[in-house]
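K.L.:
The structure under discussion is supplied below as structure tokens; questions concerning it will follow.
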Amino acid sequence: MELTISKVLSANDSGETGGHQAGLLIPKKKRILSFFPVLDASKLNPRAHLHFEDATGRFWEFAFIYYNNGFFGGTRNEYRLTRMTRYIRESGLATGDEVVMHRDSGGNYSISYRRSNEQPVSMNEAGETVIRLGAGWKVVNI
């Protein structure tokens with residue numbers, strides 16, 4: 001069965017807040033969780049390593065983790081997709097951009113993104129062209 005899910009990135013997801021987090025929070029909705037492999041909840045923080053292929057043919061390894069230490073004397077009870085920071089940074093994703101993940105009928109995962117409606121090129125007060133590269137701004141003379 002093919003399935004596609006997506007997540008619009010928050011400032012925390014994209015790293016723009018400068019804070020540390022353990023990946024994208026995955027809602028505990030059956031339809032979304034069905035995208036990922038079933039994890040053994042009887043084990044502490046079970047995980048599965050998943051390989052996603054992007055549009056260029058590059059493979060990215062992400063970890064799907066059930067942080068369930070709330071049942072083992074801790075406080076957490078949440079699913080996360082971790083090890084995505086490099087993908088997000090190298091793709092230049094920012095708040096409002098959408099990460100799209102697809103699983104085909106053969107169980108193969110792919111990943112892409114859609115940019116938000118922000119214009120990637122603008123002019124500053126001095127009339128210089130500014131291109132948005134990643135989460136920060138840089139002035140590039142064209």
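The values are calculated or read from the model by the stated rules, or taken from the named source; none is laboratory data. These numbers were taken from a predicted model, which means no experiment stands behind them. Reconstructed Cβ throughout: ideal geometry from the backbone, glycine too, with neighbour counts over all protein chains shown. Just the protein is used for accessible areas: all its heavy atoms, side chains included, with ligands, DNA and RNA removed. Shrake-Rupley method; radii C 1.70, N 1.55, O 1.52, S 1.80 Å.
K.L.:
Whole Å is fine, so just give me how far the alpha carbon centre of region 34-67 lies from that of region 85-116.
P.N.:
Here the answer is 14 Å between Cα centres.
K.L.:
How far apart, in nanometres, would the label points at R47 and R86 be if each is projected 7 angstrom from Cα along the Cα-to-Cβ direction?
P.N.:
The two pseudo-label positions are separated by 1.4 nm.
K.L.:
Computing the accessible area with a 1.4 Å probe over protein heavy atoms, can you report the carbon and sulfur percentage for region 1-122?
P.N.:
On region 1-122, the fraction of accessible area on carbon and sulfur atoms equals 51 percent.
K.L.:
Report the residues of region 38-57 in range of a label on V100: point 7 Å along Cα→C-beta, backbone N strictly under 20 Å from it.
P.N.:
Only 51-57 pass the distance filter.
K.L.:
Could I ask something else about it? Can you classify region 1-78 as rounded, prolate or oblate using the Cα gyration tensor, where a ≥ b ≥ c are the square roots of its eigenvalues, rounded means a/c under 1.5, and otherwise it's prolate if a/b beats b/c and oblate if not?
P.N.:
oblate
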